[in-house]
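Worksheet: one structure, shown below.
Derivation of every value follows stated rules applied to the coordinates shown; laboratory data play no part. Model, not experiment: these values are computed from the prediction. All Cβ positions, glycine included, derive from the backbone under ideal geometry; neighbour counts span all protein chains shown.
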Amino acid sequence: MLRARASNPLPTGIARPQGRVDFTRISPLMQASLTQGIANMEHHQKTSRGMTLVELMVVVGMLSALLGIAYSSMTDWQQNERTSAFARSIADFYRFAASEAVRTENVQIVFLAAGGAGDTAGAALLDSGGNPVPVLLLDDGPIGSAGQNCRIDAGEPTHFLPAANGVNWGFASSGGAKAPGDSTAIVSTSGSSFATPSGSASTWVAFMPDGRPLAFDAACSMGQLGSGNGGVYLTNGERDFGIVLTPLGGVRIHTWNPGAGQWRS
């Protein structure tokens, strides 16, 4: 037979509360805690509603500005890298010309299309497809031979460099200042400071079978040892580069530093 279970008695001395609890008698500390909890709930409800349209527009505007700055910086970096790569290609082209002169024992001539120039007869510098090129290397044959005339003749072997987008002859910020090692008297406005043996401006230099560079004129008269010194100057509108061929055939690349107002290697 089941018996009704007696409720647990309260400890001695504690009376069971009668009726409803009077919350007005809650302690001030408890009331402050309840008030803070309600305020936190209201704040959470407000902040959880999401961003307003104005806030969203501000964020979008900031992101657009940041993306614009990043794109501009990336574009400048790419253009500087493209110009730097073209400067290195020209320097390597001069080294290649010297090595080819030694290997073939022929006169190797590098022509620059700086300022629209061509060879000594004014013929345009073209690739195998008839397209203009900025730099061309001509194998002019053995020195003193009938075909060795410092001109581009049909059938003569040539090498060339293709144009680089955004790269131009001359300078933008260096003001025509000569790069270190360029000791010619020719102003580099056209992008070339090479000279003929008489001191006139030219856009070419010849490499002899021993690899040394020499200046020459339109009549193909060669200069003395050390006359092949000169510089090639390039710019992308923001940064200037100078490629200097030393009198004995060394090649150096310099970049103009606008802040310091001087060239640096």
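Summary table below
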| quantity | calculated |
| --- | --- |
| Options Gly261, Leu125, Thr184, ranked by Cα towards positive dipole end of the range 82-264, top entry (Cβ charges) | Gly261 |
| Estimated inter-spin distance, Ser64 and Ala124, nm [label 7 Å along Cα→Cβ] | 4.5 nm |
| Phi to ³J(HN,Hα) by Karplus 6.51 cos²θ - 1.76 cosθ + 1.60 over the range 217-234, Hz, x for Gly, Pro | 10, 5, 8, 6, 7, 7, x, 7, 4, x, 7, x, 5, x, x, 10, 10, 10 |
| Efficiency of FRET from Cβ geometry, Ser183 and Ala218, R₀ 25 Å, rounded to 0.05 | 0.65 |
| Reduced Cα scattering model of the range 122-228, Debye log10 I(q)/I(0), q = 0.12, 0.17, 0.24 Å⁻¹ | -0.48, -0.95, -1.43 |
